[in-house]
Amino acid sequence: MVFNSFGFGLFLPIVFLLYWAIGSSRIKWQNLLILCASYFFYGVWDWRFLLLIFSSAAVDYLAGRWIAVSRSKNSEIDDTKAAKKVSKSQEKKARYGVYVSIFWNLGVLFYFKYANFFLDNFKALFNLPTETFSTLDVIIPVGLSYYTFQTISYTVDVYQKKIKPSDNFLQFVCFVSFFPQLVAGPIERAGRLLPQFASRRIFKMSQAKDGLRRILWGLFKKVVVADNLGVAVSVIYAHPENFSSLELLYATVLFFFQLYCDFAGYTDIAVGTAKLFGFKLSENFKMPYLATNVSSFWDRWHISLSKWVRDYLFIPIVKTNKKSKTLRFFALIITMTAMGLWHGASWTFVLFGVTQGIVMAIETLKVGLGKKPKSIRQWLHQYPIFGRTHLYIQIILAMIFFRAPDINEAWLVIQGLFSLPVWQNFQLIIGAKIVVLAILLAAEFLTAKKMHPLEHLEHKLSTPLRWGVYYAFIFMIIRYGGPQETFIYFQF
């Protein structure tokens, strides 16, 4: 079930009415309804993977409890030396919970998402016959990369004493499978989302209205803008050898904005849907196209993933030797390579991550005369015209690897960028899609201090005008929506 489907249009109001009919005082029953709704929502894709997501929740819940139990004996000992000895032993025992969680989650992720990639490359590296290892006949479960990262962060945070382990299995399973953010994020931290399942949610009309407005804006982004941009992108990228450099550049730029509107549109719908049930999700985008360097871009794009790899991969690597600039340099490359591979088991995603990591590492280098030289990142931020020019060159080139299905296709596009700069297909260039994109970006820019352009609309427009705006958006979504496509980030 996808957000831009008729089925979700029926599913959401039914769950919403049942949820609030139960009453705010019955938290357990509301959580049980959320769990059933989430499993139904997920099971529509493939019910067989419901056992997998339940198993992941159970493993990590038990891992958290194991860590808590392993440490519980320390408080019973009064003698300081004995307590330290027991503490060291119990900490070692507590680590087993983290090991089990990481082994399970990364093992599941590797089997379903990366096993065939490594098997194929192993055979190619050693020139082995195709029949040496049979390719695994597996389907990648929707949302696997999201909920595995979410549960890994839970056990690591419990072990590091950043949060207390959950003692309520129902609340924990809801945290893992909450349907608004289950299949494409945001990747929520347990410290932020899990307590919301333990607290009372009170219905607020203003919150519900804002949730609906956020959903409306997200649908407009996805259906009217992203899906229409995708038509031109798909035509050109299907046969890049038939198009000139300007047309390929045009398609790649369009793909960047298609990807943004697609994924940010999903996030808007997810955040808005969660608001209808009294929950607050993390923001995942902050106008990344206004960044002045690649490092800043990743602070604004898919923020929940960027923060996750920073906190659980980059910082632990750097901590091994805080004074080493070389280590920090390579830690950025390793982190961004892992982020690229997170998106998919393909060399195009690996190269996407590697190039981003190299550029980010270079941006940390300090240049300039005087006692206080600035990093390249600081110089680019100080001169935004040069910074954004640099950013768009790097991001657009990286988008080629992100969009192309394989290395050969990416190379064809890169070669095509150096062909004669002529326009042959004007019908792909001129169209309402560009005007609508410009309006969307302008609306976001002018309302930068708000969560979304439709926020607090009732304070600025009279009731007739406000409803006129709502109906205009609904009309555009129905009338000018592009061919229905699933959200791009669902594949990751």
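The residue list 364, 320, 326, 273 contains one member that is polar (S, T, N, Q) and surrounded by 21 or more Cβ atoms within 10 Å (Cβ to Cβ), which is 273. Screening residue 452 on (1) in a helix (DSSP H, G or I); (2) open to solvent by less than 60 Å² (accessible area, probe 1.4 Å); (3) at pLDDT 80 or above; (4) under 24 Å from residue 9 (Cα atoms) shows it passes everything except condition (1).
Across segment 11-31, which residue is farthest from the chain's Cα centre (by Cα) among those that are surrounded by 15 or more Cβ atoms within 10 Å (Cβ to Cβ) and under 13 Å from residue 174 (Cα atoms)?
Pass one, segment 11-31, residues surrounded by 15 or more Cβ atoms within 10 Å (Cβ to Cβ): 11-12, 15-16, 19-20, 22, 27, 30-31.
From what's left, under 13 Å from residue 174 (Cα atoms): 27, 30-31.
Working: 27: 29, 30: 27, 31: 24 Å.
That would be 27.
Could you please let me know if residue 177 is farther than 27 Å from residue 142 by Cβ, of a type in the set (Ser, Thr, Tyr), open to solvent by less than 60 Å² (accessible area, probe 1.4 Å) and in contact (Cβ under 8 Å) with a residue 40 or more places away in the chain? No, not satisfied. Residue count for segment 428-486 satisfying the condition of being among the polar types (S, T, N, Q) and touching a Pro at 6+ places or on another chain (Cβ under 6 Å): 1. Checking the condition among the aromatic types (Phe, Trp, Tyr), farther than 23 Å from residue 268 by Cα, open to solvent by less than 80 Å² (accessible area, probe 1.4 Å) and modelled with pLDDT under 95, which residue from 8, 49, 3 passes? Only one candidate passes the filter, namely 49. Does residue 379 count as under 19 Å from residue 288 (Cα atoms) and in contact with a strand residue (DSSP E or B) (Cβ under 8 Å, 6 or more places away or on another chain)? In short, yes.
Does residue 110 satisfy the criteria of being assigned to a helix (DSSP H, G or I), crowded, with 20+ Cβ neighbours inside 10 Å and not β-branched (Val, Ile, Thr)? Steps first, answer last, please.
Numbers: assigned to a helix (DSSP H, G or I): yes; crowded, with 20+ Cβ neighbours inside 10 Å: no; not β-branched (Val, Ile, Thr): yes.
It is false that residue 110 is assigned to a helix (DSSP H, G or I), crowded, with 20+ Cβ neighbours inside 10 Å and not β-branched (Val, Ile, Thr).
Per the conditions (1) at pLDDT below 85; (2) assigned to a helix (DSSP H, G or I); (3) open to solvent by 40 Å² or more (accessible area, probe 1.4 Å), the sole criterion not satisfied by residue 65 is (1).
Do we find a residue being of a type in the set (Gly, Ala, Ser) and over 28 Å from residue 144 (Cα atoms) anywhere in segment 348-361?
Initially, segment 348-361 is screened for residues of a type in the set (Gly, Ala, Ser), giving 353, 357, 361.
Then drop every residue that is not over 28 Å from residue 144 (Cα atoms), which leaves 361.
Yes, segment 348-361 has at least one match.
A count restricted to segment 32-69 and to residues that are within 18 Å of residue 197 (Cα to Cα), more than 23 Å from the chain's Cα centre (by Cα) and among the aliphatic types (A, V, I, L, M) stands at 3.
Using the structure shown, decide if residue 475 is assigned to a helix (DSSP H, G or I) and at pLDDT 90 or above. When the stated conditions are applied, residue 475 does not pass them. Within segment 231-259, no residue that is on the phi > 0 side of the Ramachandran plot and in a helix (DSSP H, G or I) sits with its Cβ atom under 6 Å from a residue that is among the charged types (D, E, K, R) and at pLDDT below 90 at 6+ positions apart or across chains.
With the structure loaded, tell me whether residue 333 is more than 19 Å from the chain's Cα centre (by Cα), open to solvent by 20 Å² or more (accessible area, probe 1.4 Å) and farther than 30 Å from residue 409 by Cβ or whether it fails that test.
Values: more than 19 Å from the chain's Cα centre (by Cα): yes; open to solvent by 20 Å² or more (accessible area, probe 1.4 Å): yes; farther than 30 Å from residue 409 by Cβ: no.
So residue 333 does not fit the description; no.
Would you be able to say whether some residue in segment 70-91 is under 24 Å from the mean Cα position of the chain (by Cα) and modelled with pLDDT of 85 or more? No, there is no match, as no residue in segment 70-91 is under 24 Å from the mean Cα position of the chain (by Cα) and modelled with pLDDT of 85 or more. Counting only residues that are open to solvent by 20 Å² or more (accessible area, probe 1.4 Å) and among the acidic types (Asp, Glu), segment 227-270 holds 1 of them.
With 216, 212, 170 as the choices, which residue is within 30 Å of residue 99 (Cβ to Cβ) and open to solvent by 10 Å² or more (accessible area, probe 1.4 Å)? Lay out the reasoning, then the answer.
On the way: 216 fails: within 30 Å of residue 99 (Cβ to Cβ); 212 fails: within 30 Å of residue 99 (Cβ to Cβ).
Of the residues listed, the single one that is within 30 Å of residue 99 (Cβ to Cβ) and open to solvent by 10 Å² or more (accessible area, probe 1.4 Å) is 170.
All of 147, 154 fail the test of being in contact with a Gly (Cβ under 7 Å, 6 or more places away or on another chain), among the aromatic types (Phe, Trp, Tyr) and buried (at least 24 other Cβ atoms within 10 Å of the Cβ), apart from 154.
Residue check: residue 427 meets all listed conditions (1) at pLDDT below 90; (2) under 19 Å from residue 488 (Cα atoms); (3) not in a loop (DSSP other than H, G, I, E, B) but one, namely (2).
The values are calculated or read from the model by the stated rules, or taken from the named source; none is laboratory data. Since this is a predicted model, take the numbers as computed values, not measurements. Cβ atoms come from the backbone with ideal geometry, glycine included; neighbour counts cover every protein chain shown. In case anyone asks, the SASA skips ligands and DNA or RNA and just uses the protein heavy atoms, side chains included. Shrake-Rupley method; radii C 1.70, N 1.55, O 1.52, S 1.80 Å.
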